[in-house]
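Here is the structure we will look at, set down as structure tokens.
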Amino acid sequence: MSTELERSQQSERLGWPASLAAGLNPMKSLTFVLALGVTALAAWKWFNQSGDPRPPFPLYGAIAASYAGGFLIGRLFWKVLKTAAIVAALLLGGLAVLNRAHVDTSKAKQEAEAGSAWVRKEAGQARHYLLHFLPSGGGAGLGVFAGGRRRSGGDKNPS
């Protein structure tokens, strides 16, 4: 009982950063863990092969590694985009309240909209850039989809 209370107090102290990190934890996904296992198996097989010109890394390992990398990119991209949208909504809401109080907010509103458009553009470019590092486009694309898909609030064990 006291351990449960200590965990509760510790999670309250950590607050928002801890909940963000917990939401980014890919180890709760069965497909991500499976992709890591397949990658490790391919790496083990590749390292144990002998020969002067080492044979190429197994294709199934490259696809699994690409899936895992894409999964992480999708998970991070979704969290960044969601956080940016919430911050922009709060900022625009605050500007609307100031506008109702007859404060000229036109310049600030233009800057906020330009900033949110910039964040969306940069996040899209970063995702596109990072996907080019992965050897298998299909596996990476599937991983981005799986890592970034929306889950309902009640789904505690995403796959």
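Each reported figure results from applying straightforward, stated rules to the coordinates on display, with no laboratory input. Since this is a predicted model, take the numbers as computed values, not measurements. Virtual Cβ from ideal backbone geometry, glycine too; neighbours counted across all protein chains shown.
Relative to its Kirkwood radius, the Cα radius of gyration of the stretch 27-148 gives an Rg/Rh of 1.26. For Lys109, list the lysines whose Cα falls under 30 Å from its own Cα; do not include residues on the same chain fewer than 8 positions away. Those lysines meeting the cut-off are Lys79, Lys82, Lys121. For the stretch 88-94, 3J(HN,Hα) computed residue by residue from phi via the Karplus equation (6.51, -1.76, 1.60; θ = phi - 60°) reads 5, 5, 5, 5, 5, x, x Hz, glycine and proline entered as x. For the stretch 19-85, taking Cα atoms only, Rg and Dmax work out to 15.6, 53 Å respectively. The gain in end-to-end length when the Phe145 to His102 segment is fully stretched comes to 11.0 nm, 0.36 nm per residue minus the alpha carbon separation. Comparing Gly148, Ala123, Ser66 along the charge dipole axis of the stretch 27-148, the residue lying farthest to the positive side is Gly148, per the Cβ-charge model.
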